[in-house]
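*Asks:* Next up is a structure, given as structure tokens.
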Ligand SMILES: Cc1cc2nc3c(=O)[nH]c(=O)nc-3n(C[C@H](O)[C@H](O)[C@H](O)COP(=O)(O)OP(=O)(O)OC[C@H]3O[C@@H](n4cnc5c(N)ncnc54)[C@H](O)[C@@H]3O)c2cc1C
């Protein structure tokens with residue numbers, strides 16, 4: 001079949017990978033040059049341990065407290081935008097303990113499908129510095145520790161049995177020679193990480209070598225339908241006919257979905273990262289600093305990435321360097337010997353997470369269009385769930401039974 005994939009981030013490229021493997025004729029359309037979307041500068045975590053969605057009761061309370069703090073890690077830019085208001089309404093409605101409990105198993109399952117897919121890519125020789133080294137979630141407060149101990153129990157009850165609590169001494173043994181202000185940490189041995197820039201570069205190379213066509217700087221702008229099928233895809237270069245279309249345009253998918261008659265609330269959640277090549281912290285494990293909401297990733301022997309902040313904002317708002325300072329301040333609070341001055345704006349990377357209104361991705365076929373598959377809205381988990389999402393997309397296109405139940409991710413769930 002002739003298939004168009006809209007979007008050349010990790011979700012679009014992973015979909016193209018499995019579709020090409022099944023013998024389809026695949027073209028990827030991207031509005032940009034595909035060299036710096038959200039899939040590049042992220043923390044590179046590939047983690048089944050992230051079974052808690054963004055929409056939780058705690059984040060709403062915390063977000064309200066932080067609204068006037070320029071360095072806070074979570075921020076919703078208030079503005080009169082109907083899409084934001086709708087998204088906020090659904091987000092608050094979803095942020096319940098029941099939703100968190102219901103989402104855990106589907107998020108675990110898709111992450112496990114995805115991690116297995118990355119392992120296969122790694123074993124097939126694709127180089128993206130995949131390392132199965134676990135992940136530490138480091139806490140500083142008594143409340144953080146209490147929550148961490150509950151999370152350990154929850155992880156074990158979900159079958160992630162190699163999860164354990166490390167007290168301060170055990171944590172120091174894992175990271176010898178590093179002074180830390182911490183009460184302890186959760187060690188998720190099930191988690192892995194990679195160098196996302198390398199993954200994106202080599203995946204694109206592999207797809208090109210296998211004959212996937214790329215139409216860079218050719219944005220999808222709408223569709224022409226005939227009954228319950230998309231007859232033509234309209235892009236900036238003209239009208240194109242495809243048998244099937246995959247919508248994977250990341251944080252830009254909401255607007256496009258509207259042109260296709262879908263109601264799929266998505267907001268851009270901007271985050272920042274700084275990649276230091278002189279390695280100011282010799283960490284062995286990737287680490288999340290829980291109260292600081294910062295992610296640290298040792299990308300290779302010399303390179304460390306610091307990332308964080310969730311700014312629900314518009315794509316047009318200029319970057320705010322105060323947030324980057326907030327990330328570095330949080331690192332210093334955990335590692336008192338850490339020294340790094342604020343880099344220039346050009347040295348800071350930022351990207352827009354595609355944040356669905358309930359923190360779960362949209363994956364599936366909408367009811368009213370027979371030849372459209374949606375794969376977007378992965379929020380903070382797009383890299384982790386990328387390869388697995390691609391596999392599921394190929395199963396949907398092939399109209400086969402999927403590796404897991406996709407009902408919780410249905411794109412029509414907010415209709
Ligand atoms: C600081 C930070 C750290 C993160 N850390 C992690 C992590 O450790 N693990 C993890 O799993 N996730 C992480 N994430 C989230 C992850 O990066 C995203 O979820 C993921 O990259 C989204 O991938 P995507 O393919 O959906 O979107 P993108 O990578 O944004 O790709 C979308 C593509 O669609 C294109 N496009 C847009 N509009 C159109 C159009 N009209 N027509 C054609 N193309 C279009 C864009 O140009 C873009 O190339 C992090 C994010 C940030 C910001």
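*Asks:* Sort out which residues of the stretch 1-37 are closer than 13 Å to residue 213 by Cα, more than 8 Å from the ligand (Cβ to nearest atom) and either at pLDDT below 95 or assigned to a loop (DSSP other than H, G, I, E, B) (or both), and write them in order of number.
*Replies:* 24
*Asks:* Next question. Could you list, in sequence order, all residues of the stretch 342-359 that are within 18 Å of the chain's Cα centre (by Cα) and either assigned to a strand (DSSP E or B) or surrounded by fewer than 21 Cβ atoms within 10 Å (Cβ to Cβ) (or both)?
*Replies:* 349, 350, 351, 352, 353, 354, 355, 356
*Asks:* Filter the stretch 237-263 down to the residues that are over 17 Å from the mean Cα position of the chain (by Cα), in contact (Cβ under 8 Å) with a residue 60 or more places away in the chain and part of a loop (DSSP other than H, G, I, E, B) and list them by number.
*Replies:* Those that are over 17 Å from the mean Cα position of the chain (by Cα), in contact (Cβ under 8 Å) with a residue 60 or more places away in the chain and part of a loop (DSSP other than H, G, I, E, B): 241, 242, 243, 260, 261, 262, 263.
*Asks:* What number of residues within the stretch 38-58 satisfy the criterion of being more than 8 Å from the ligand (Cβ to nearest atom) and assigned to a loop (DSSP other than H, G, I, E, B)?
*Replies:* Residues in the stretch 38-58 being more than 8 Å from the ligand (Cβ to nearest atom) and assigned to a loop (DSSP other than H, G, I, E, B): 8 in total.
So that you can scan it fast, the table gives a plain yes or no per residue for (1) without any contact (Cβ under 8 Å) to a residue 12 or more places away in the chain; (2) surrounded by 24 or more Cβ atoms within 10 Å (Cβ to Cβ); (3) part of a strand (DSSP E or B); (4) away from the ligand (no atom under 14 Å from the Cβ):
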position	(1), (2), (3), (4)
268	no, no, yes, no
274	no, no, yes, no
280	no, no, no, yes
284	no, no, no, yes
292	no, no, no, no
297	no, yes, yes, no
305	no, no, yes, no
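*Asks:* Another one. Would you say residue 362 is modelled with pLDDT of 95 or more, surrounded by fewer than 21 Cβ atoms within 10 Å (Cβ to Cβ) and within 16 Å of the ligand (Cβ to nearest atom)?
*Replies:* Answer is no for this residue.
*Asks:* Right, next: Are any residues in the stretch 369-415 free of Cβ contacts under 8 Å to residues at least 60 places away in the same chain, within 30 Å of residue 131 (Cβ to Cβ) and in contact with a strand residue (DSSP E or B) (Cβ under 7 Å, 6 or more places away or on another chain), and if so, which ones?
*Replies:* Listed by number, the list holds a single entry, 406.
*Asks:* Could you tell me whether the stretch 225-244 includes any residue that is more than 11 Å from the ligand (Cβ to nearest atom) and touching a helix residue (DSSP H, G or I) at 6+ places or on another chain (Cβ under 8 Å)?
*Replies:* yes
The values are calculated or read from the model by the stated rules, or taken from the named source; none is laboratory data. Quantities reported herein were computed from a predicted structural model and do not represent experimental measurements. So basically every Cβ, Gly included, is an ideal-geometry build from the backbone, and we count neighbours across all protein chains shown.
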